[in-house]
Amino acid sequence: MNGTVHMALGAATGFVVANNFQTDPAATLSLVALGGVSGLVPDLDVNGKLSNKITSSHKFIKKLAQFIGLLVILYSFLEGMGSEKWLGIGAGTGILIIASFITRRHMLTMTGVGVFAGGLSLAENWLLLFGVYIIIASLISHRSYTHSILGVVFFAVIAYQFELSAGIEGIFITCVAGYITHLIADLKVLPSNKRGVKLLLPFSSKEF
């Protein structure tokens, strides 16, 4: 199922929840947006559509790092003296080598670390946990743990902490239900899906 459908299902879920809680217009808009985002979250795994959007700049960062490495080498060669010259050239070469290993997975992991650090600095548990979620997602294959019941439970904890922090009634239900719509839309029983989801990981790798 494509990302637009997942987002639409999540957003519709947010609207239904908002209508049920009879929220004001601002809260309704927030729930619709949160539902749409939650409907995309399972695809944060390394080959998912959402992670591809987040990490689309990894090639640019690789090129930038390589350019910086070349500048360090050139500057050190032209301006450096003695041991400093060779240390500079070595540092620039090191940057070039490291840059060659930058991948989408690394970018996603760094994004998770950044979100985790933001959670620590702001003392927001939900943001800290979401950082952990992204880091884990960067280390696993597509349609695995983020598309399982275990993933739902972990995200539910994040959603609960977020509702406590934001103080908007309906966030928890919206986020969890939006997340679940993604898994339902990816089930193999639907004719549009060639693959299913491994709901019972790590106990079973059977696709549903």
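Please determine whether any residue of the range 60-72 is at pLDDT below 90, β-branched (Val, Ile, Thr) and not in a helix (DSSP H, G or I). No - not one qualifying residue is present in the range 60-72. Checking each residue in the range 135-188 for being touching a Gly at 6+ places or on another chain (Cβ under 8 Å), closer than 19 Å to Ala33 by Cβ and among the β-branched types (Val, Ile, Thr) picks out Thr174, Thr181. Pairing each residue of the range 15-30 that is outside any loop (DSSP other than H, G, I, E, B) with any residue that is polar (S, T, N, Q) and surrounded by 17 or more Cβ atoms within 10 Å (Cβ to Cβ), provided the two are 6+ apart or on different chains, yields C-beta distances under 6 Å for Val17/Thr174; Ala18/Thr28.
Of the residues screened, Glu207 is one that is acidic (Asp, Glu), more than 20 Å from Gly10 (Cβ to Cβ) and without any contact (Cβ under 8 Å) to a residue 40 or more places away in the chain. Considered as a group, the residues in the range 92-106 that are among the β-branched types (Val, Ile, Thr) and in a helix (DSSP H, G or I) include one that is modelled with the highest pLDDT, and that residue is Thr93. Residues that are modelled with pLDDT under 95 and crowded, with 20+ Cβ neighbours inside 10 Å: does the range 184-192 have at least one? Checking the range 184-192: at least one residue is modelled with pLDDT under 95 and crowded, with 20+ Cβ neighbours inside 10 Å.
If only residues of the range 59-108 that are within 25 Å of Leu44 (Cβ to Cβ) and charged (D, E, K, R) are counted, the one that is farthest from the chain's Cα centre (by Cα) is Lys63. When Thr146, Thr109 are checked against the criterion of being in contact (Cβ under 8 Å) with a residue 40 or more places away in the chain and crowded, with 18+ Cβ neighbours inside 10 Å, Thr146 stands alone in meeting it.
Being touching a Lys or Arg at 6+ places or on another chain (Cβ under 6 Å), in a helix (DSSP H, G or I), crowded, with 19+ Cβ neighbours inside 10 Å and modelled with pLDDT under 85 holds for only one residue in Ser76, Ser138, and it is Ser76. Report whether or not Gly131 is in contact with a Gly (Cβ under 7 Å, 6 or more places away or on another chain), closer than 15 Å to Leu40 by Cα and of a type outside the set (S, T, N, Q). Considered against the rule, which asks whether it is in contact with a Gly (Cβ under 7 Å, 6 or more places away or on another chain), closer than 15 Å to Leu40 by Cα and of a type outside the set (S, T, N, Q), Gly131 comes out as no.
Here is a yes/no grid of residues against (1) assigned to a loop (DSSP other than H, G, I, E, B); (2) surrounded by fewer than 19 Cβ atoms within 10 Å (Cβ to Cβ); (3) of a type in the set (S, T, N, Q):
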position	(1), (2), (3)
Gly90	no, yes, no
Gly151	no, no, no
Gln161	no, no, yes
Glu169	yes, yes, no
Cys175	no, no, no
Thr181	no, no, yes
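The values are calculated or read from the model by the stated rules, or taken from the named source; none is laboratory data. Given the structure is predicted, the values throughout are model-derived calculations rather than measurements. Neighbour counts run over all protein chains shown; Cβ positions are idealised from the backbone, glycine included.
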